[in-house]
1. Counting other beta carbons within 10 Å of each Cβ, put Thr73, Thr226, Thr188 in order, fewest first.
2. How would region 42-179 be classified by its alpha-carbon gyration tensor: rounded, prolate or oblate, with rounded meaning a/c under 1.5 and the a/b versus b/c comparison settling the rest?
3. Going by a 4.7 Å Cβ-Cβ cut-off, which cysteines of the chain have no partner at all?
4. Normalised by the residues of region 127-241, what does the relative contact order come to in percent, with Cα pairs under 8 Å and at least six apart?
5. Nearest 20 debye, what's the magnitude of the dipole of region 1-138 about its Cα centre given +1 on Lys and Arg Cβ and -1 on Asp and Glu Cβ?
6. Which values of log₁₀ I(q)/I(0), to two decimal places, follow from the Debye formula for region 100-241 at q = 0.09, 0.19 Å⁻¹ with a uniform point scatterer at every Cα?
7. Expressed as a rounded percentage, what relative contact order does the chain have, with Cα pairs under 8 Å and six or more residues apart?
8. For Glu196 and Phe93, what is the calculated FRET efficiency with R₀ set at 25 Å and r taken between the beta-carbons, to the nearest 0.05?
Amino acid sequence: MSAPRLQMEHVCCHFEGREVVCGIDLTVRAGEVLCLLGPSGCGKSTTLRMIAGIERPSRGIIRADGEVLSDATTHLPPEARGIGLIFQDFALFPHLSVAQNIAFGLRGTAAQNRARVDELLERVDLQGYGDTAPHMLSGGEQQRVALARALAPRPRIMLMDEPFSGLDNRLRDGIRDETLALLKEEGTAVVLVTHEPEEAMRMADQIALMRDGGVVQTGAPYNIYTSPCDKDAAAFFSDIN
Ligand code: ADP
Ligand code: MG
């Protein structure tokens with residue numbers, strides 16, 4: 001079998017001598033969605049930032065397709081990792097058009113970039129909006145532009161930190177489902193951070209339940225829901241009907 005798209009082995013992170021995340025072992029395959037689920041402060045964003053290369057692990061190994069991204073001697077910078085990021089703040093560049101925003105990270109020829117931008121505008125259902133300024137679009141449309149921008153360089157891994165929590169409920173389900181469907185189609189491995197069990201149950205192929213800087217349980221949503229590892233895990237899911 002091919003190497004997993006993303007693999008973390010016993011990864012830890014220290015801040016000022018304090019271990020805030022430790023012993024993270026995770027595997028994500030191409031086209032799979034892994035949800036990091038847990039209460040505020042448990043270390044979800046720190047874990048994501050280590051995968052992105054923004055924080056350096058104090059221990060452990062992070063690999064993508066078998067290639068070492070971080071270990072004791074190696075630490076590839078974020079831009080060399082082939083990893084895309086979508087955070088809650090979807091900030092687009094206000095002085096650039098929609099098409100220029102999407103093309104921002106592309107390194108091809110002008111013609112190649114234009115073709116990729118057109119393809120993505122169609123995918124996110126914004127054909128004809130390439131020359132529009134971002135502020136002319138609704139919040140949901142701007143978010144679709146940000147998604148297209150993150151997808152444009154064909155990242156092998158997409159990291160998403162609570163990207164849907166700023167949207168109102170009416171928009172959220174649609175955008176969430178569309179986004180994940182698009183990423184799956186592209187064969188991207190997704191790590192989605194959320195503190196909402198319902199979101200994880202709906203979106204994840206695998207859930208990693210986090211607490212106090214560690215992963216306490218990993219498994220398919222149904223398995224974790226029906227067989228939580230302890231009382232706290234059960235309580236965390238108890239609000240879902
Ligand atoms: P989550 O995303 O699950 O809410 P975080 O990963 O943001 O949790 O934070 C985990 C812990 O690490 C928290 O106790 C937080 O205060 C601490 N932490 C995060 N970033 C830093 C930092 N840059 N310096 C010091 N402590 C930090
Ligand atoms: Mg966070």
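1. Thr73, Thr226, Thr188
2. Verdict is oblate for region 42-179.
3. Flagged as lacking a Cys partner: Cys13, Cys35, Cys42, Cys229.
4. 18 percent
5. Dipole of region 1-138, to the nearest 20 debye: 160 debye.
6. -0.35, -1.11
7. Reported as a whole number, the value is 27 percent.
8. FRET efficiency, Glu196 to Phe93: 0.25.
Taken together, the values in this text are just the output of simple stated rules run on the coordinates, not laboratory data. Nothing here was measured: the structure is a model prediction, and the numbers come from that model. Using ideal geometry, Cβ is built from the backbone for each residue, glycine included, and neighbour counts are taken over all protein chains shown.
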